[in-house]
Amino acid sequence: MIAYSIIQKSHLEGALRLDAEYYQPEYLSIFSKIASLAHTSLKSYAEKVFSGPFGSTLKSESYRESGIPFIRISDISDLFIEKDGLVFISPEEHKRIYSTHLNTGDIVLSKIGTIGRLSVVSDDFGEVNISENNIGIRLSKCSKEEKIALLFFLLSKYGQGQIIRKASGNIQLKLNITDIESVQVPIFDKATLKELNDIYNDFLLRNTESQSFYSQAENLLLEELGLKNFSARGGSAFGGESEDGLWNVVKLLEVQKANRIDAEYFQNKYNKIVSLIRAKKGIKLGELVSIKKGIEPGAEEYQDDGKLFIRVSSLSKQGITDKDQKYLSDKLYQELKKDFEPKTGEILLTKDATPGIAYVLKESLEGIIAGGVLRLRVKEDVNAEYLALCINSIVGQAQAERDAGGSIIAHWKPEQIKNILIPILPKSIQQKIADFVRQSHEARRKAKKLLESAKQKVEKLIEEK
């Protein structure tokens, strides 16, 4: 069935857009519905809408391990900014590009690639800055309740539909500041604002619970390993003390065994961590799991809908996200699922780009894993959630950093992954850690459900008026 629209000449947006995609029936329906309500432009809510510092000298060498959070597209998730992988800039650099700062309650939105993804700057971030691939929406003119309603609206199909409609570009979609300023927003009454604010507060509570449970799991692991207040300073391979921990003594046999001669690989911090793991009956990962690699069918096979294609960018330690999600045809999925569809209880592990992200699959899905993702099936008597947490913690991250470091694009080889050491704690401790992780995921699941209910609430209010 062919979808089409008949547009009057007077409705051609001032002839600024003549492409058929802009006038798809679903977009016209959204526009018509919003126009029938009391509404205003997003610009009227915002103190300022702006892009990140264009042509800025902010390259990777400008990033710091602490300072002012610098938000990139990869950091944007539904509602909240992801902390894993977050980078920082110095206060001096922040001051130089201060015109593109955001405060608590402001919104950051992706403007290229997977457009329209957005997050709010939460209380625990404070002031931040953004990359040139993002748009900032400063909302100091709004009340807290209005900010929350706007956020949920932009995440709903009525907000996302407008944003996607306004995007332009052939090879890669992009948004302009005026595209966002001109988004039409319904004016919600006080009762609705309060209801959405209550949902948001419940969401915050569940999200905080999720973070707390996960922190308890990780802290228990590190306490058991003696890594709670780990410091890489001091010490050599032979137990001697260096003045500042910046040098090390390594036997030739160790160099030959590692097949590496770069100083980064033999840093004291890696030696210390591995020694502590060995003290807890560390076992090579390859002895605990079987490993299967994913597949790369080629970018030409990607679709906007269909069966999930789980890539590194769509995997986090909390689960599979819709960040830059791609899909495969049902036909290709049927051909590949026997060998490349993950099963419930398996650990999905990233080996490329962002190596060392591990997640235990909680429920069955229809999808295929990409070549940068591995399937780990536990074959020994070790708890899968405990094992995934070990990999996500400093225990696994340090070994991933050691093995995959030194490249522009990190690649963690399967043979290296098989050889990382996993501490084997008593089963009672493993179970306690696993229980904390499960409670964390359950709280996160409830938070996600609340987010969906808020979007549906907004959509229902619009459709019933």
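Derivation of every value follows stated rules applied to the coordinates shown; laboratory data play no part. The model shown is predicted, which means the values in this text are computed figures rather than measured ones. Here the Cβ positions follow ideal geometry from the backbone for every residue, glycine too, while neighbour counts run over all protein chains shown.
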(message) Based on the alpha-carbon set only, what is the convex hull volume of segment 309-465 divided per residue, in Å³?
(response) 143
(request) Using every pair of alpha-carbon atoms in segment 293-333, split the distances into 5 Å bins beginning at 0 and state the percent of pairs per bin, rounded to integers. (result) 6, 24, 33, 24, 12, 2
(message) List the pairs from LYS174/LYS323; LYS379/LYS427; LYS48/LYS326; LYS174/LYS446; LYS166/LYS331 whose alpha-carbon separation is above 26 Å, in the order I gave them.
(response) LYS48/LYS326; LYS174/LYS446; LYS166/LYS331
(request) Return the sequence-ordered ³J(HN,Hα) values of segment 360-374 in whole Hz as given by the Karplus equation 6.51 cos²θ - 1.76 cosθ + 1.60 applied to θ = phi - 60°, using x for Gly and Pro. (result) 7, 5, 8, 8, 5, 8, 9, x, 10, 8, 6, x, x, 10, 10
(request) Work out from phi, with θ = phi - 60° and the Karplus expression 6.51 cos²θ - 1.76 cosθ + 1.60, the ³J(HN,Hα) of each residue of segment 78-91, listed in order in whole Hz, and give x for Gly and Pro. (result) 4, 6, 10, 6, 6, 8, 5, x, 5, 10, 10, 10, 6, x
(request) Please provide three numbers in whole Å: the alpha-carbon extents of segment 9-187 along the principal axes, with the largest listed first. (result) 53, 38, 25
(request) Mind listing the long-range amide H neighbours of ILE81? Cut-off is under 5 Å, sequence gap 5 or more, other chains count too, H placed in the peptide plane at 1.01 Å from N. (result) VAL120, SER122
(request) Calculate the all-directions average of the projected area of segment 159-231's alpha-carbon convex hull, and give it in nm². (result) 9.8
(message) For a quick check: with amide H placed at 1.01 Å from N, whose amide H comes under 5 Å from VAL185's, ignoring anything fewer than 5 positions away on the same chain?
(response) THR40, SER41, LEU42
(request) Could you tell me, in Å, what Rg and Dmax come out for the Cα atoms of segment 337-390? (result) 11.0, 30
(message) Cut-off is 10 Å between beta-carbons; in what order do ASP339, ASP352 appear when sorted fewest neighbours first?
(response) ASP339, ASP352
(request) Output the peptides 39-46, 380-387 sorted from most to least packed, where packing is the average of other Cβ atoms within 10 Å over each peptide's residues. (result) 380-387, 39-46
(request) Let me know the charge dipole size of segment 370-465 about its Cα centre in debye, to the nearest 20, where only the beta-carbon of Lys, Arg (+1) and Asp, Glu (-1) is charged. (result) 300
(request) Apply the Karplus parameterisation 6.51 cos²θ - 1.76 cosθ + 1.60, with θ equal to phi minus 60°, to every residue of segment 146-161 and state each ³J(HN,Hα) to the nearest whole Hz, in sequence, with x for glycine and proline. (result) 5, 4, 5, 4, 4, 4, 5, 4, 5, 7, 6, 5, 6, x, 4, x
(request) Kindly rank 417-426, 94-103 from highest to lowest mean number of other beta carbons found within 10 Å of each residue. (result) 417-426, 94-103
(request) From the P(r) of segment 285-384, can you give the percent of Cα pairs sitting at distances over 22 Å? (result) 23
(request) With N set to the residue count of segment 377-428, report its C-alpha Rg divided by 2.2 N^0.38 Å to two decimal places. (result) 1.24
(request) Would you please put 448-455, 85-92, 391-398 in order of how densely packed they are, using the mean number of other Cβ atoms within 10 angstrom per residue and starting with the highest? (result) 391-398, 448-455, 85-92
(request) Would you mind counting up the charge near PHE230? Only other residues with Cβ under 9 Å from its Cβ, with Lys and Arg at +1 and Asp and Glu at -1. (result) +3
